[in-house]
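See below for the structure under consideration.
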Amino acid sequence: MGRPSSADIAAEIQILAHEILYEIGVPGSADVASRVAVRLEAAVNQFLYRERERCVAICKKRAALWSNTTMATSPLGRDESRARTNEATYIADAIRSISESDAHAH
């Protein structure tokens with residue numbers, strides 16, 4: 001299952017804004033719902049960005065841990081250490097690329 005498009009996400013947030021306004025008894029004009037939706041989207045995007053950056057930091061910390069492990073003193077240990085370091089770095093880069101592609105989409 002792929003990632004939803006920006007248009008799909010915007011539509012979902014717009015529906016959520018209408019539902020919130022309805023739930024709290026505020027007359028939900030399209031203008032008010034749009035303003036609420038923009039703020040909801042900004043808040044969610046900011047949260048997601050911070051969470052992805054937290055995950056990147058964890059991956060970078062794991063990469064550093066593996067590159068400095070005492071396992072790296074033997075040939076097999078060096079191979080394992082290098083593989084795990086590369087994997088953690090790759091995952092961090094993949095997570096960061098999501099943040100960057102989302103930033104360019106908005």
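The values are calculated or read from the model by the stated rules, or taken from the named source; none is laboratory data. Here the structure is a predicted model, which is why all the values come from computation and not from measurement. In this analysis, Cβ positions are derived from the backbone assuming ideal geometry, glycine residues included, and neighbour counts consider all displayed protein chains.
For residues that are among the hydrophobic types (A, V, I, L, M, F, W, C) and either touching a His at 6+ places or on another chain (Cβ under 9 Å) or farther than 30 Å from residue 9 by Cβ (or both), scanning just the range 43-86, find the one that is modelled with the lowest pLDDT.
Out of the qualifying residues, it is 72.
Given the criteria within 30 Å of residue 18 (Cα to Cα) and modelled with pLDDT under 90, does residue 105 qualify?
Yes.
Among the candidates 35, 39, 62, which residue alone is in a helix (DSSP H, G or I), in contact with a helix residue (DSSP H, G or I) (Cβ under 7 Å, 6 or more places away or on another chain) and among the charged types (D, E, K, R)?
62
Have a look at 73, 69, 85 and point out the one that is surrounded by fewer than 16 Cβ atoms within 10 Å (Cβ to Cβ) and touching a residue at least 12 places away in the same chain (Cβ under 8 Å).
Result: 69 is the single residue among 73, 69, 85 that is surrounded by fewer than 16 Cβ atoms within 10 Å (Cβ to Cβ) and touching a residue at least 12 places away in the same chain (Cβ under 8 Å).
Can you pull out the residues in the range 1-33 that are exposed (fewer than 13 other Cβ atoms within 10 Å of the Cβ) and over 20 Å from residue 98 (Cα atoms)?
Passing the criteria: 15, 19, 22, 23, 24, 25, 26, 27, 29, 30, 31.
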